[in-house]
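J.: Sharing a structure here in structure tokens format.
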Number of protein chains: 2
Amino acid sequence: MSDEIQNPEAERDEAAYSLGRKDVAAILYAVDIDDRETLTRLMEPLHAADIADLLEQINSYDRARLIRLYDREFDGEILTELDESIREEVIAVLNPQILADAVRELESDDVVDLVEDLDEPQQEAILGALDDADRVAVQQALSYPEYSAGRLMQREVVMAPEHWTVGEAIDYIRSSEHLPEQFYHIVLVDPRMHPVGNVTLGRLMGSARKVKLRDIMEDVFQIIPVDQDEGDVAYAFNQYHLISAPVIDENGRLVGVITIDDAMAVLDEEHEEDILRLAGVGESSLSDSIFETTRQRLPWLVVNLGTAILASIVIAQFEGTLQSLVALAILMPIVASMGGNAGTQSLTVAVRAIATRDLTGSNIWRVIRREAAVGLINGLVFAVMMGVVSLIWFGSPALGMVIALAMIINLLVAGLAGIAIPVVMERVGIDPALASGTFVTTVTDVVGFVAFLGMASMVLL
Amino acid sequence: MSDEIQNPEAERDEAAYSLGRKDVAAILYAVDIDDRETLTRLMEPLHAADIADLLEQINSYDRARLIRLYDREFDGEILTELDESIREEVIAVLNPQILADAVRELESDDVVDLVEDLDEPQQEAILGALDDADRVAVQQALSYPEYSAGRLMQREVVMAPEHWTVGEAIDYIRSSEHLPEQFYHIVLVDPRMHPVGNVTLGRLMGSARKVKLRDIMEDVFQIIPVDQDEGDVAYAFNQYHLISAPVIDENGRLVGVITIDDAMAVLDEEHEEDILRLAGVGESSLSDSIFETTRQRLPWLVVNLGTAILASIVIAQFEGTLQSLVALAILMPIVASMGGNAGTQSLTVAVRAIATRDLTGSNIWRVIRREAAVGLINGLVFAVMMGVVSLIWFGSPALGMVIALAMIINLLVAGLAGIAIPVVMERVGIDPALASGTFVTTVTDVVGFVAFLGMASMVLL
């Protein structure tokens with residue numbers, strides 16, 4: 001464990017990241033003094049993904065100057081790696097001829113990725129730069145719904161009829177002019193073009209020429225409908241350790257393949273979405289503007305303001321009680337804070353378990369019982385602690401008793417709300433990561449204040 | 001957006017998940033009536049990963065009965081897919097002979113995965129079941145640090161000297177008896193066994209026999225040191241879209257390869273860790289016991305109790321103020337809650353950006369300025385809202401002014417603390433996801449209460 005928690009930045013940077021702070025400084029200096037040769041030399045060892053990161057990290061003024069100085073070397077892959085928030089800006093800065101050349105180098109699925117979020121005129125500029133075959137491929141991909149397998153798949157599939165032999169398949173591959181850049185399997189199809197199995201290239205090469213492909217094929221474990229949500233695709237790859245999977249249309253015909261590298265990128269995006277949504281932040285990136293960032297965060301804060309006012313209205317019902325015993329005002333945030341934290345723990349475990357399909361109809365009641373039991377135990381532990389603290393602080397056994405009871409009630413409710421709210425949201429078709437947090441803390445605030453102040457007004461006054 | 005938020009469970013289940021609630025019920029019924037044949041038939045279409053999920057979802061009593069009834073069919077892969085928390089239990093229930101057979105089917109890197117978290121006697125039982133070559137391989141892997149590339153890699157590498165031709169490589173592969181189950185590249189090595197490039201199998205098959213491997217090789221973009229942290233390995237795969245990467249020892253010699261499917265599993269685990277740590281939950285799974293769950297969550301709640309008491313001590317300094325104006329007690333949770341939420345938003349974006357290496361020395365000051373500006377704008381917006389609410393509710397313009405100013409101060413501080421705290425934690429070598437949340441809300445609670453009650457005591461009394 002300890003070597004995981006300890007993770008000095010310096011080590012990280014050297015180990016798995018080729019773009020250091022000094023490199024960025026050197027590159028910006030080359031831009032400053034307009035030294036194209038040095039710039040090109042410094043950029044040469046960088047991967048397109050690193051160049052995209054670099055462009056995201058510098059400000060808009062430096063970005064434009066760098067792109068203009070670097071443009072002859074500009075690679076289409078950099079565009080696909082860029083954050084959406086600055087992709088349009090970069091495209092607008094690029095010389096149209098350079099842009100056209102950059103885009104023509106790309107595979108059609110990368111072009112889809114690139115153009116799907118652009119606005120009309122930029123989209124057309126890019127589609128216009130493609131040759132006819134590629135443009136048709138991109139437009140077909142764009143006809144599938146956003147976030148579907150159809151947008152994610154490669155349309156170039158290496159396939160063979162199931163009755164072929166190893167020799168026939170090898171000869172076919174050797175004579176093909178346009179093989180996809182990366183392929184790891186041959187997909188076997190029946191006469192109706194339904195996928196029936198995979199033959200890995202390793203297996204193909206290791207077998208005698210006269211062996212039937214059918215005899216060395218692996219069953220296709222997962223066949224992906226073209227309109228399946230990309231999150232489900234990523235889940236299937238992760239769950240079943242798939243390397244590639246065939247994609248079929250509504251008639252069961254093979255229309256493409258999805259490979260694990262695309263699924264991995266989607267898995268990463270889905271995680272990002274979950275973690276940001278849990279914190280009440282919409283889609284966001286570090287290169288978003290101040291205005292854009294405010295726009296993403298303000299709505300959730302407004303919701304939170306509403307629930308905070310609700311909690312205050314609850315408190316206001318006990319105005320008289322608070323007036324006669326100010327210790328209650330001092331202690332009440334503790335009850336609410338403990339409930340909120342315990343609820344968030346339980347909630348996060350539930351949201352994650354729903355995302356990984358670990359929380360199902362088969363174990364939901366057992367998990368609810370467990371959360372209730374854990375909430376009760378935690379409640380008892382903190383009841384004792386806070387009872388003692390309050391007794392020492394304010395010298396009132398009755399006050400200690402009230403806060404102890406309120407703690408037990410609130411931590412039990414926190415555990416139950418933390419699991420029940422996301423489960424209910426999922427059932428009604430809302431992403432449980434989206435707003436559960438606010439609901440859970442509202443419940444724990446209200447229950448905490450009512451329990452604590454209500455019992456206090458009965459017992460202490 | 002909308003089709004992503006809408007995600008009815010029913011659709012998910014059918015689409016990408018082969019284990020439904022009804023299946024589980026049917027399987028448990030077969031166990032109940034001791035019907036081995038039906039059980040085997042029902043389990044037959046399930047992937048090992050699904051069977052592991054099934055075992056995790058049912059209770060311990062059913063689990064033991066199911067395993068005993070199913071044991072002749074029990075597959076080693078199920079063990080590798082199981083959650084650590086119940087793996088030991090399942091191994092203890094399995095007939096030793098069945099266990100030995102199951103383990104012998106596995107590749108050595110899967111055995112490593114399986115045994116690394118077991119306690120001594122179970123580890124020895126499994127190692128004892130392996131034949132000598134496999135056992136040595138597993139023990140060598142276990143000699144690398146936990147969570148390192150050495151634990152993750154496959155030791156079986158298909159490699160070739162860089163001077164070979166395509167024909168020589170093909171003949172070598174065809175004559176090899178023990179090829180790894182999955183391989184996608186041949187790694188070219190120089191005479192000192194240093195990796196110099198990759199040749200994809202697709203490229204190999206598409207080239208003439210007399211072509212030099214050197215002429216069709218791709219540069220190895222990322223070479224992984226055997227002691228590199230697995231999180232950095234996963235990051236590199238995701239950043240550079242790697243499919244496989246060579247692993248070298250301290251002398252630069254090739255000792256293994258890591259493939260993308262292993263990297264994807266690590267990426268998923270790292271995300272899980274981040275999301276759970278942000279919520280103050282340690283490693284956890286749904287199959288953990290009540291005791292285990294309490295043990296994971298209690299420490300963070302104790303920390304939170306400490307910080308909540310700190311906030312209460314701050315409030316206690318204004319006892320007199322609260323006593324004379326109870327409206328302050330009613331409104332003060334709103335200031336704290338808004339600060340806590342805004343701080344968590346800013347924190348989560350920062351933690352995520354640190355994890356994806358998007359927040360670096362080059363853009364840190366720009367991001368801090370942005371957070372400050374967003375905090376200020378949000379502060380102004382909610383200052384106006386709360387000023388108006390307080391004015392209407394309590395009829396006091398001065399109170400409205402105080403809460404408005406407190407809101408501005410707290411939301412500005414929240415934005416800055418949300419970014420500064422994780423960045424500082426990362427610099428001193430602590431995972432920023434680990435405890436930042438508690439620190440940030442402590443800051444916003446204390447600042448919120450001091451600003452609100454402090455100004456109130458000066459202005460209103």
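The values are calculated or read from the model by the stated rules, or taken from the named source; none is laboratory data. It should be emphasised that the depicted structure is a prediction, and the values quoted were computed from it without experimental measurement. Methodologically, a virtual Cβ is constructed for each residue, glycine included, from the backbone with ideal geometry; neighbour enumeration extends over all protein chains shown.
J.: Considering region B:423-461 alone, what residues qualify as being under 29 Å from the mean Cα position of the chain (by Cα) and of a type in the set (A, V, I, L, M)?
T.: Kept after step one, since they are under 29 Å from the mean Cα position of the chain (by Cα), are these residues of region B:423-461: B:423-444.
Within region B:423-461, B:VAL423, B:VAL424, B:MET425, B:VAL428, B:ILE430, B:ALA433, B:LEU434, B:ALA435, B:VAL440, B:VAL443 meet the criteria.
J.: Please go through region A:391-412 and pick out each residue that is surrounded by 21 or more Cβ atoms within 10 Å (Cβ to Cβ), in contact (Cβ under 8 Å) with a residue 60 or more places away in the chain and more than 10 Å from chain B (Cβ to nearest Cβ).
T.: A:LEU399, A:ILE403, A:ALA406, A:ASN410, listed by residue number.
J.: Restricting to region B:356-371, and then to whatever is in contact with a helix residue (DSSP H, G or I) (Cβ under 6 Å, 6 or more places away or on another chain), assigned to a helix (DSSP H, G or I) and not acidic (Asp, Glu), can you tell me which residue is farthest from B:VAL424 (Cα to Cα)?
T.: Top of the filtered list is B:ARG370.
J.: Can you find a residue that is crowded, with 22+ Cβ neighbours inside 10 Å and closer than 24 Å to B:GLU88 by Cα anywhere in region B:250-265?
T.: Yes - at least one qualifying residue is present in region B:250-265.
J.: Go through region B:39-53 and give me each residue that's of a type in the set (S, T, N, Q) and either touching a Lys or Arg at 6+ places or on another chain (Cβ under 6 Å) or surrounded by 15 or more Cβ atoms within 10 Å (Cβ to Cβ) (or both).
T.: Those that are of a type in the set (S, T, N, Q) and either touching a Lys or Arg at 6+ places or on another chain (Cβ under 6 Å) or surrounded by 15 or more Cβ atoms within 10 Å (Cβ to Cβ) (or both): none in region B:39-53.
J.: Under 7 Å between Cβ atoms, at least 6 apart or on separate chains: pull out the pairs that start in region A:91-110 with a residue that is farther than 14 Å from A:ILE78 by Cβ and end on any residue that is buried (at least 16 other Cβ atoms within 10 Å of the Cβ) and β-branched (Val, Ile, Thr).
T.: Pairs found: A:SER108/A:VAL138.
J.: In region A:98-115, is there at least one residue being acidic (Asp, Glu), part of a helix (DSSP H, G or I), outside the structural domain of A:ILE260 (by TED's automatic domain parsing) and farther than 30 Å from A:VAL31 by Cα?
T.: Of the residues in region A:98-115, the ones acidic (Asp, Glu) are A:101, A:105, A:107, A:109-110, A:113.
Now narrow it down to the ones that are part of a helix (DSSP H, G or I): A:101, A:109-110, A:113.
With outside the structural domain of A:ILE260 (by TED's automatic domain parsing) added as a condition, the list becomes A:101, A:109-110, A:113.
Those still in the list that are farther than 30 Å from A:VAL31 by Cα too: A:109.
Looking for residues that are acidic (Asp, Glu), part of a helix (DSSP H, G or I), outside the structural domain of A:ILE260 (by TED's automatic domain parsing) and farther than 30 Å from A:VAL31 by Cα, one finds at least one in region A:98-115, hence yes.
J.: Does at least one position in region B:63-79 carry a residue that is within 11 Å of chain A (Cβ to nearest Cβ) and either modelled with pLDDT under 85 or part of a helix (DSSP H, G or I) (or both)?
T.: Within region B:63-79, one or more residues are within 11 Å of chain A (Cβ to nearest Cβ) and either modelled with pLDDT under 85 or part of a helix (DSSP H, G or I) (or both).
J.: Going by the conditions given, is A:LEU204 outside any strand (DSSP E or B), touching a strand residue (DSSP E or B) at 6+ places or on another chain (Cβ under 8 Å) and closer than 17 Å to A:GLU162 by Cα?
T.: Values: outside any strand (DSSP E or B): yes; touching a strand residue (DSSP E or B) at 6+ places or on another chain (Cβ under 8 Å): yes; closer than 17 Å to A:GLU162 by Cα: yes.
When the stated conditions are applied, A:LEU204 passes them.
J.: Give A:ALA342, A:ALA355, A:ALA329 a once-over and let me know the one that is buried (at least 21 other Cβ atoms within 10 Å of the Cβ), at the interface with another protein chain (Cβ under 8 Å from one of its Cβ atoms) and within 30 Å of the chain's Cα centre (by Cα).
T.: Unique residue meeting the criteria: A:ALA342.
J.: Filtering region B:154-199 down to residues that are more than 12 Å from chain A (Cβ to nearest Cβ), within 22 Å of B:TYR144 (Cβ to Cβ) and of a type in the set (A, V, I, L, M), which residue is surrounded by the fewest Cβ atoms within 10 Å (Cβ to Cβ)?
T.: That would be B:MET193.
J.: Between residues in region B:303-325 that are within 7 Å of chain A (Cβ to nearest Cβ) and residues that are part of a helix (DSSP H, G or I) and of a type in the set (Gly, Ala, Ser), which pairs lie under 8 Å by C-beta distance while being six or more apart or on different chains?
T.: Final answer for the pair search is B:ASN304/A:SER337; B:ALA308/A:SER337; B:ALA311/A:SER337; B:ALA311/B:ALA336; B:ILE315/A:ALA329; B:LEU322/A:ALA329; B:LEU322/B:ALA329.
J.: Working only within region A:240-260, note down all residues that are free of Cβ contacts under 8 Å to residues at least 40 places away in the same chain and facing chain B (nearest Cβ under 10 Å).
T.: Those that are free of Cβ contacts under 8 Å to residues at least 40 places away in the same chain and facing chain B (nearest Cβ under 10 Å): A:TYR240, A:HIS241, A:LEU242, A:ILE260.
J.: Could you check region A:29-45 and list, in sequence order, the residues that are modelled with pLDDT under 90 and either of a type in the set (Phe, Trp, Tyr) or under 25 Å from B:ALA355 (Cβ atoms) (or both)?
T.: Here is the first cut: in region A:29-45, the ones modelled with pLDDT under 90 are A:44-45.
Passing the criteria: only A:PRO45.
J.: Go through (1) more than 25 Å from A:PHE449 (Cβ to Cβ); (2) of a type in the set (Gly, Ala, Ser); (3) facing another protein chain (nearest Cβ under 8 Å) one by one and return the number of the condition A:ALA336 breaks.
T.: (1)
J.: Please tell me if A:VAL226 is more than 7 Å from chain B (Cβ to nearest Cβ) and either among the acidic types (Asp, Glu) or farther than 30 Å from A:VAL450 by Cα (or both).
T.: Yes, satisfied.
J.: Another question, if that's okay. Taking region B:124-173 only, how many residues are without any contact (Cβ under 8 Å) to a residue 24 or more places away in the chain and basic (Lys, Arg)?
T.: 1
J.: Hey, does region B:227-241 have a residue that's surrounded by fewer than 19 Cβ atoms within 10 Å (Cβ to Cβ) and farther than 30 Å from A:ILE258 by Cβ?
T.: yes
Per-residue answers, yes or no, for (1) assigned to a helix (DSSP H, G or I); (2) in contact with a helix residue (DSSP H, G or I) (Cβ under 6 Å, 6 or more places away or on another chain):
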position: B:GLN122; (1), (2): yes, yes
position: B:GLY150; (1), (2): yes, no
position: B:HIS163; (1), (2): no, no
position: B:GLU168; (1), (2): yes, no
position: B:ASP171; (1), (2): yes, no
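J.: May I pose another question? Those residues that are touching a helix residue (DSSP H, G or I) at 6+ places or on another chain (Cβ under 6 Å), touching a residue at least 60 places away in the same chain (Cβ under 8 Å) and either farther than 23 Å from A:VAL199 by Cβ or part of a helix (DSSP H, G or I) (or both), I need them from region A:213-238; list them, please.
T.: Those that are touching a helix residue (DSSP H, G or I) at 6+ places or on another chain (Cβ under 6 Å), touching a residue at least 60 places away in the same chain (Cβ under 8 Å) and either farther than 23 Å from A:VAL199 by Cβ or part of a helix (DSSP H, G or I) (or both): A:GLN228, A:GLU230, A:GLY231, A:VAL233, A:TYR235.
J.: Another question, then. When you look at A:GLU292, is it among the acidic types (Asp, Glu), more than 7 Å from every other protein chain (Cβ to nearest Cβ) and over 30 Å from A:GLN239 (Cβ atoms), yes or no?
T.: yes
J.: Does region B:207-217 include one or more residues that are within 12 Å of chain A (Cβ to nearest Cβ) and more than 15 Å from B:TRP164 (Cα to Cα)?
T.: No: region B:207-217 contains no residue that is within 12 Å of chain A (Cβ to nearest Cβ) and more than 15 Å from B:TRP164 (Cα to Cα).
J.: Something else about it: Please go through region A:360-374 and give me each residue that is within 7 Å of chain B (Cβ to nearest Cβ), under 25 Å from A:MET338 (Cα atoms) and crowded, with 19+ Cβ neighbours inside 10 Å, ordered by number.
T.: Matches in region A:360-374: A:VAL367, A:ARG370, A:VAL374.
J.: Any idea which residue in region B:15-26 is modelled with the lowest pLDDT, counting only those that are within 10 Å of chain A (Cβ to nearest Cβ) and in a helix (DSSP H, G or I)? Spell out how you get there, then give the answer.
T.: So in region B:15-26, the residues within 10 Å of chain A (Cβ to nearest Cβ) come out as B:15-25.
Keeping just the survivors that are in a helix (DSSP H, G or I) gives B:15-16, B:21-25.
Working: B:ALA15: 40, B:ALA16: 43, B:ARG21: 79, B:LYS22: 84, B:ASP23: 86, B:VAL24: 89, B:ALA25: 90.
Of everything passing the filter in region B:15-26, B:ALA15 is modelled with the lowest pLDDT.
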